[in-house]
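Data block below; observations after.
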C-alpha cells in the first residue's frame with residue numbers, strides 16, 4: 001500500500017491503520033467519537049495527503065475547464081477563489097467530484113479524490129489533448145486539514161507567518177506564499193483550513209499543530225462529520241451511473257451559458273426535461289439503532305435505498321442520506337435486519353458549526 005509523508009506520525013500516535021483505496025491511512029487514534037467531538041467543539045486535523053492535486057497551466061486553461069466540468073469556472077474572477085463541481089462522462093454520470101481554484105487566467109488548481117485518481121488523470125489527459133495546456137499532477141506535496149471552531153487561532157499559533165496570509169481569507173478561498181497554499185475549505189461542516197505544503201515540511205508542521213492543541217483525527221470521524229454536514233461522498237451518493245441531478249447536486253451544474261458545451265450537458269438536458277426518478281434526502285431514525293448503507297427505504301412515493309448511514313455523535317441519533325423518489329416527504333420506513341422502522345425525511349445538512357439544524 002501507498003503511504004503519505006505523515007505515515008510515521010500516524011504510527012507514533014497509535015493510529016489504527018486501514019486500507020483506503022490503496023493507501024494505508026488512520027481510521028482512528030483510539031476513539032472515533034472523541035475525535036468527532038474534538039472537531040465539533042475545538043480543533044482536529046486530518047492527513048489528506050492521499051488526495052491528488054493537479055495544476056492546469058496554459059492559455060487554454062479556462063476553455064478546457066469550461067468543457068471538462070459541469071460548473072462554470074468563468075464565475076472565478078478573484079485570485080484564490082474556489083469552485084465545487086462534478087466532472088461528468090458523456091451520459092452525465094459523475095466521474096468524480098472536485099474543487100478547482102483560480103490562480104490566474106492561465107493557471108488553475110484542482111483537488112481530486114484519492115480513490116479515483118488514476119481514472120481521473122486518464123480522463124483529464126485524454127480531454128486535454130485538444131487544448132493548449134499542461135496537466136501537472138503534484139507528487140511533491142502533502143495536505144493537512146485543520147477543522148473546528150478553534151482551528152484558525154490554533155493554526156496561527158502553530159505555524160509562524162500563516163496568519164499574515166490567512167487572517168482575512170474568506171470561506172472557499174485560498175492564498176499562497178512560496179510553497180505554502182492555504183484554502184479555507186473542508187469536509188466537516190466546521191470552519192478551518194486545508195494546508196498544502198512540501199512533503200519535507202509535513203511531519204514538522206503536524207508536530208507544531210499537535211503542540212498547539214490540535215488533535216489528530218482519522219477517517220472514521222471524517223466520515224461522520226461529513227455526513228452530519230450533509231456532504232456527498234463519491235461512490236455512495238454519486239458515481240458514473242448517477243448524475244449530479246439525481247445525486248442532489250443540481251446546484252453544482254451551471255447551464256446559464258447556452259454556448260458552453262461541457263461534457264455530459266446534453267444528457268443532463270434530456271434528463272431535466274424528462275424528470276428524474278430519484279434524488280437525495282436526509283433521514284433521522286425515530287428509535288434506537290444505526291442506519292447502514294444499502295438498507296431499503298419505503299417512502300410515500302415508492303422505494304429507495306440508503307446511500308450513507310451512521311450514528312450522529314452530535315445529535316445522539318442515527319442519520320442517513322438516501323436515494324428516494326423526488327417529492328418523498330414526512331415519514332418513511334427503513335428495513336433494518338428483519339423489520340421495518342420509522343424515520344423522518346429531512347433536508348440536509350443535519351449539523352453545521354456544531355448546531356443541529358433538523
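All of the numbers you see were taken from the coordinates with simple rules; none came from a lab. None of the values given here were measured: they were computed from a predicted structure. Cβ sites come from the backbone with ideal geometry, for glycine too, and all protein chains shown count toward neighbours.
Per-residue counts of other Cβ atoms within 10 Å, averaged by peptide: what ranking do you get for 331-342, 188-199, highest first? Provide the component values of the computation, followed by the final result.
Values: 331-342: 15.0, 188-199: 22.2.
By packing density, highest mean first, the sequence is 188-199, 331-342.
So for the pair residue 207, residue 354, with labels modelled 7 Å out along Cα→Cβ, what separation do we get in nm?
About 3.0 nm, to one decimal.
Would you work out if the chain is rounded, prolate or oblate? Take a ≥ b ≥ c from the square roots of the eigenvalues of the alpha-carbon gyration tensor; rounded if a/c is under 1.5, else prolate when a/b is larger than b/c, oblate otherwise. Could you put the intermediate results ahead of the total?
Details: a/c = 1.83, a/b = 1.09, b/c = 1.67.
Here the chain falls in the oblate category.
For a footprinting-style exposure proxy, rank 297, 73, 358 by other Cβ within 10 Å, fewest first.
On the way: 297 26, 73 22, 358 17.
With the fewest neighbours first, 297, 73, 358 line up as 358, 73, 297.
Rg and Dmax of region 277-348 over Cα atoms: what are they, in angstrom?
Calculated on Cα positions, Rg and Dmax stand at 10.7, 32 Å.
Where does each of 97, 74 land when they are ranked from fewest to most other beta-carbon atoms within 10 angstrom? Don't skip to the end; give the middle numbers.
Working: 97 24, 74 15.
Lowest count first: 74, 97.
Could you sort the peptides 109-115, 226-232 by per-residue average Cβ neighbour count (10 Å cutoff), highest mean leading?
Numbers: 109-115: 20.6, 226-232: 22.1.
The most tightly packed comes first, giving 226-232, 109-115.
How far is the Cα center of region 290-358 from the Cα center of region 146-165, in Å?
36 Å
In Å, what Rg and Dmax follow from the Cα atoms of region 317-358?
Just the Cα atoms of region 317-358 yield Rg and Dmax of 11.8, 36 Å.
Any idea how far the Cα center of region 240-277 sits from the one of region 24-62, in Å?
28 Å
Using only the alpha carbons, work out the radius of gyration and Dmax of region 118-224 in angstrom.
15.9, 49
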